[in-house]
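Coordinate-derived values only; no laboratory data. Not measured: the values here are computed from a predicted model. Here Cβ is always computed from backbone atoms with ideal geometry, including for glycine, and neighbour counts include all displayed protein chains.
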Amino acid sequence: MSIEEQMKMIESYCNFEDPSAVYILLLLPRKKENLEQKEREKLQKRSRYVIQTLDDARFALEEFDRYSSMYPEITFRVYVSVNRRSLLKGMLNFQKRLLDFNKDAIQGNKEIWTPIAKLGSEFKSVLAKIESRYDKYYMFDIDLPNNASGAIETVRQFEEHLNDITDVVYSGRSKSGFAIVIKPCNPNDILMPPETELKKDAYLYVDCLNKALALGCTHGAMECSH
């Protein structure tokens, strides 16, 4: 997928009307495509950008492309947060984190200096937590083959079922399955198809970089319904 195609997906899903609400774009090497990778190595190569506008999104995607090209042996996935993050909540939660740092420093905890030296990254971590979310959308991760007609029909019927209960915000293909995002409702009213998981704060799949290394890492056009 080109950066222009990635941008079309971001533009179709993201809502940038409120400047106090932002998304997190995530670049992550998953274990599924990098079998020899240890958890520490995965986190060390993770990259996150806070995006407030489409221009921010383009800049982040271009940086992801540049960064991934430095590690051609590693396959990365690109995700966008399903829920926007509240800058106000993030700021208040970050202030609490800073107070914790102050307390630990006074008590002589030397382990705090590493996160303090990376406060920008620390703020992103606080912003990514569920306590800082702005929206409360639900995402269904449907692990059915996205190129099989039977699976496509199952997902279509499930989407109709969800539309009878609430509003479907997004419906499209993920790397190997499908993803549907809805406005919150009573989960007990939902009859989920097989191989489906409900996630109340998650990331939505965008693309796969260095994907020639990952078998089956192919994509069709993302479909979106609002």
Q) How many angstrom lie between the C-alpha centres of region 109-129 and region 9-44? A) 18
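Quick one: net charge around residue 19, please, counting Lys, Arg +1 and Asp, Glu -1 for every other residue with C-beta under 12 Å from its C-beta. Could the numbers behind the result be given before it?
Numbers: positive: 84; negative: 17, 18, 56.
Net local charge, residue 19 excluded: -2.
Using Cα pairs closer than 8 Å and at least 6 residues apart in sequence, work out the relative contact order for the chain, in percent. Spell out each step's value before the answer.
Values: 371 pairs, mean separation 56.2, N = 226.
25 percent.
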Q) Excluding residue 195 itself, what net charge comes from residues whose Cβ is under 12 Å from its Cβ, given Lys and Arg +1 and Asp and Glu -1? A) -3
Q: Report Rg(Cα)/(2.2 N^0.38 Å) for the chain, keeping two decimals.
A: 1.08
Q) Using modelled backbone amide H atoms (1.01 Å from N, in-plane), which distant-in-sequence or interchain residues come within less than 5 Å of residue 46's amide H? A) none
Q. If you plug each phi of region 134-148 into the Karplus form 6.51 cos²θ - 1.76 cosθ + 1.60 with θ = phi - 60°, what whole-Hz ³J(HN,Hα) values come out, in order, with x for Gly and Pro?
A. 9, 9, 10, 6, 9, 10, 9, 9, 9, 8, 10, x, 7, 10, 9
Q. When ranked by the protection proxy of mean other Cβ atoms within 10 Å per residue, highest first, what sequence do the peptides 167-175, 202-210, 121-129 form?
A. 202-210, 167-175, 121-129
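Rank by packing, highest mean first: peptides 74-82, 8-16, with packing defined as the count of other Cβ atoms within 10 Å averaged across residues.
Details: 74-82: 22.2, 8-16: 17.7.
Put in order of decreasing packing, that is 74-82, 8-16.
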**Q.** Per-bin percent of Cα-Cα distances, region 87-130 [10 Å]
**A.** 29, 53, 17, 0
**Q.** Point-to-point label distance, residue 15-residue 131, nm (Cα→Cβ direction, 7 Å offset)
**A.** 2.6
Q) Could you give me the ³J(HN,Hα) list for region 107-112, computed from phi with Karplus coefficients 6.51, -1.76, 1.60 and θ = phi - 60°, whole Hz, x at Gly and Pro? A) 7, x, 6, 7, 6, 6
(Q) Can you list the DSSP H helices in the chain whose Cα atoms extend at least 18 Å along the helix axis and whose mean Kyte-Doolittle hydropathy is -1.0 or higher? (A) 54-69, 87-106, 149-165
Q) How much net charge surrounds residue 154 when only the other residues with a Cβ under 13 Å from the Cβ of residue 154 are counted, with Lys and Arg +1 and Asp and Glu -1? A) -4
